[in-house]
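The structure under discussion appears below in the form of structure tokens.
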Amino acid sequence: MAVKAPGLLLSFALAFTPGQASADTLPGGAVQQTATDPWQAGLDLIEAGDVEGGLLLWYDARDGLTAAGAEDPRIGTRFIEAVVEHELGSLTAAATEMFFWGLSGRGPYSEPIRDEILAEGRRTFVLTDTLVARYWDGVGREDPEALAIAIKQFWIERDPTPATPLNERLVEHWQRIVHARRNYVYNHSSPFRTDDRGVLYVKYGTPDRIIRGHLGINSADRRSHGISDEDWARFDRQPQYEIWRYARPYDRDFYYYLFGNIDGTGPFQQVDGLHRILPSNARSYKHNDIRFQHYLELFYYADLARMGGPYGQRLAELERRWYGSRVPNEGSLEAVSQQFIEDDRWMAREPRPSASSVLDDSPKSALSAQAARVLAGGEPRILVLAVSSPLWRPRIERGSVGDSLVLAPFAARHTVVIRDGRLEEIARGGMLPVAERDDLSTMVLRHAPAIRHLTVTAEHLVEGEEQTDSVGVLPGHRHFAVGPRLRRGESELEVSDLIVGIPPRPELPLEGVPVPLLPATQFWRRDLMRIYFEIYRPSTAAEGGTASYDVRIGIDRLTGPVLPDREVTGRAVVTVTIESPAPDGEHFFDLDLRNEPPGDLRIVLEITDRETGATRTRVTPVRILAN
């Protein structure tokens, strides 16, 4: 690859060691090292009331444990938990550091360490799709090292400020855990040692409304329906219940979650409907030729209806069927009861966010970035491209908001954070603007074997604003897992990673950009998508000679979570034969997306050497937006 624009060829020492804070950065000064187990020694201090002393002991012991290859995730998780629990705000950055240190991913592991990694995996991946959580739980049992790295990557990629030491989203996660452990402990059935309410709180935060109490039939209703004291005592178990309500994002509706005692007296947990709370014996006993469960439904929904929504609607329907005629009809009541059960099951299957946080939902600077492995002069490189802007804001006209949007003059800063296979930071650097446009930047990295992960961030300083964050948005950020280095072989082809974007147009000048597109991963259906790649002929190929390759570009529509072992498939949208010169051939295709439904996709490129049959496959994610 020939780099056609100013860029940064960044090299660095692989033996780089991040700066280490001294013990006096934590309260209390230096701590005398002890020959006892650091984990137990620090824990003893914390449990004795000397929380800062225990944390300082762990912080001071970190370097020695690292040198011995004995990083301890128990220390990392207990450190951040203690900082949050005791509101030691000055130590939150250190808590982030210690949490990640404990997940350095170096075995072999003792049984307590394996157990802690598995426990932390369950605390983390409960925030994801159920399939993802099951996948990593299974992986962790066989390969705790892989699980430790996956947990670390999960939180790195959700850090709202990736260029700072503090991971605010991770700290918020532990604040929610600590709150849940204090308030939702009817049992310890969840990964957080809470009941099911604790899981919802950790995932979504505080509900916008809660109602709670005990379901029951009051004495006036018992008399009016002729229910004896014996039947009342036998069937009305007065189960405890709670309903939590969360607002749907971007919608004028709500999600509802019901908790209660299973079968009236069993464990308190989340249920998919009132039918799970009713005692089973009420389904077989009849009073006045009506199953007793229907009496319970009528009066229990009177309590649940305090929440309104579907519960209020159901109460109104039951009252109509009970009191709309002189004699209630058993068949009619049974039909509506079954309909409620089906409605509950349907609502339980309704897609819901896996987790929610103000930090996740806060506006972020717009950033489109690409990172692709390439060969330049036969040497492995990583090409990074980024284009960004702050958010558009309403025009202020004569002190009031106008009817147009403007983009005030701004300065952009793009940073690349480089990490190794254990996701330890080994270098970072600022990207260089292209053709005096600081909103469009490029960087070329020497692809050292240690590089396995990149984070690209975009921060903006708007004209007239004194601080970067005063524009009211978080930095934009994108993350890339980096595969093994490309190498030019003696007999087989090699292919670059895909770079996708928007083709050149008059309003999008691309002077100085090393590839013929403006990088983008989100497209309107009316946009053409340009897919750029390079084919590298074997080192034995005569320079200038050509060879034929079958090229198949497909679209893999994502209908569920992307797991590491998911097979790459996709329907073909372009299948052609091309001629590519030696040593390097640059190629691109433009795809028309007008007939493609909105959603998340993967572009799959498969190139086959027609002479040798060797094949290379490259994949990149994109999103099609609804016009």
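The values are calculated or read from the model by the stated rules, or taken from the named source; none is laboratory data. Remember, predicted model here, so these are calculated numbers, not experimental data. Virtual Cβ from ideal backbone geometry, glycine too; neighbours counted across all protein chains shown. The accessibility values were calculated without ligands, DNA or RNA, using every heavy atom of the protein model including side chains. Shrake-Rupley method; radii C 1.70, N 1.55, O 1.52, S 1.80 Å.
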Original post:
Within segment 31-54, restricting attention to residues that are modelled with pLDDT of 95 or more and small (Gly, Ala, Ser), which residue is most open to solvent (accessible area, probe 1.4 Å)?
Top reply: Ala48
Subject >> Scan of segment 76-92 for residues that are touching a Phe, Trp or Tyr at 6+ places or on another chain (Cβ under 7 Å) and over 17 Å from Ala48 (Cβ atoms), ordered by number >> reply: Gly76, Thr77, Ile80, Val84
Original post:
Which pairs have Cβ atoms under 7 Å, sit 6 or more apart or on different chains, and link a residue in segment 256-268 that is touching a residue at least 60 places away in the same chain (Cβ under 8 Å) to one that is assigned to a loop (DSSP other than H, G, I, E, B)?
Top reply: Pro267/Asn187; Phe268/Tyr186; Phe268/Asn187; Phe268/Asp195
Subject >> Those residues of segment 353-383 which are at pLDDT below 90, touching a strand residue (DSSP E or B) at 6+ places or on another chain (Cβ under 6 Å) and either under 28 Å from Ala133 (Cα atoms) or open to solvent by 40 Å² or more (accessible area, probe 1.4 Å) (or both), in sequence order >> reply: Ser362, Lys364, Ala366
Subject >> Within segment 182-224, tally of residues that are in a helix (DSSP H, G or I), open to solvent by 40 Å² or more (accessible area, probe 1.4 Å) and more than 27 Å from Leu296 (Cβ to Cβ) >> reply: 2
Subject >> Cross-chain or 6+ apart pairs with Cβ under 7 Å, segment 158-184 first and of a type in the set (Gly, Ala, Ser), then assigned to a helix (DSSP H, G or I) >> reply: Ala180/Gly198; Ala180/Tyr201; Ala180/Val202
**OP:** Would you check if Ala386 is at pLDDT below 90 and either of a type in the set (Phe, Trp, Tyr) or assigned to a strand (DSSP E or B) (or both)?
**Re:** no
Original post:
Which number in (1) surrounded by fewer than 20 Cβ atoms within 10 Å (Cβ to Cβ); (2) under 15 Å from the mean Cα position of the chain (by Cα); (3) under 27 Å from Val456 (Cβ atoms); (4) of a type outside the set (S, T, N, Q) marks the one condition that Lys152 misses?
Top reply: (1)
Subject >> Index of the failed condition, Glu87 passing every other in (1) open to solvent by 40 Å² or more (accessible area, probe 1.4 Å); (2) assigned to a helix (DSSP H, G or I); (3) acidic (Asp, Glu) >> reply: (2)
Original post:
Take the residues of segment 236-275 that are open to solvent by 20 Å² or more (accessible area, probe 1.4 Å) and of a type in the set (D, E, K, R): which is nearest to Ala348 (Cα to Cα)?
Top reply: Asp272
Original post:
Considering only segment 135-149, how many residues are open to solvent by less than 40 Å² (accessible area, probe 1.4 Å), touching a residue at least 60 places away in the same chain (Cβ under 8 Å) and not small (Gly, Ala, Ser)?
Top reply: 1
Subject >> Residues located in segment 413-461, provided they are outside any strand (DSSP E or B) and within 18 Å of Ser368 (Cβ to Cβ) >> reply: Met431, Ala435
Subject >> So Leu625, is it touching a helix residue (DSSP H, G or I) at 6+ places or on another chain (Cβ under 6 Å), open to solvent by 30 Å² or more (accessible area, probe 1.4 Å) and over 30 Å from Gly378 (Cα atoms) >> reply: no
Original post:
Within the bounds of segment 528-542, is there any residue that is hydroxyl-bearing (Ser, Thr, Tyr) and buried (at least 19 other Cβ atoms within 10 Å of the Cβ)?
Top reply: yes
**OP:** For segment 613-627, enumerate the residues that are touching a strand residue (DSSP E or B) at 6+ places or on another chain (Cβ under 9 Å) and part of a loop (DSSP other than H, G, I, E, B).
**Re:** Ala614, Ala626, Asn627
Original post:
For Leu57, are the conditions met, namely being at pLDDT 95 or above and of a type outside the set (D, E, K, R)?
Top reply: yes
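Residue-by-condition table, conditions (1) at pLDDT below 95; (2) more than 18 Å from Leu563 (Cα to Cα):
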| site | (1), (2) |
| --- | --- |
| Arg122 | no, no |
| Leu131 | yes, no |
| Ala148 | no, no |
| Asn167 | no, yes |
| Leu170 | no, yes |
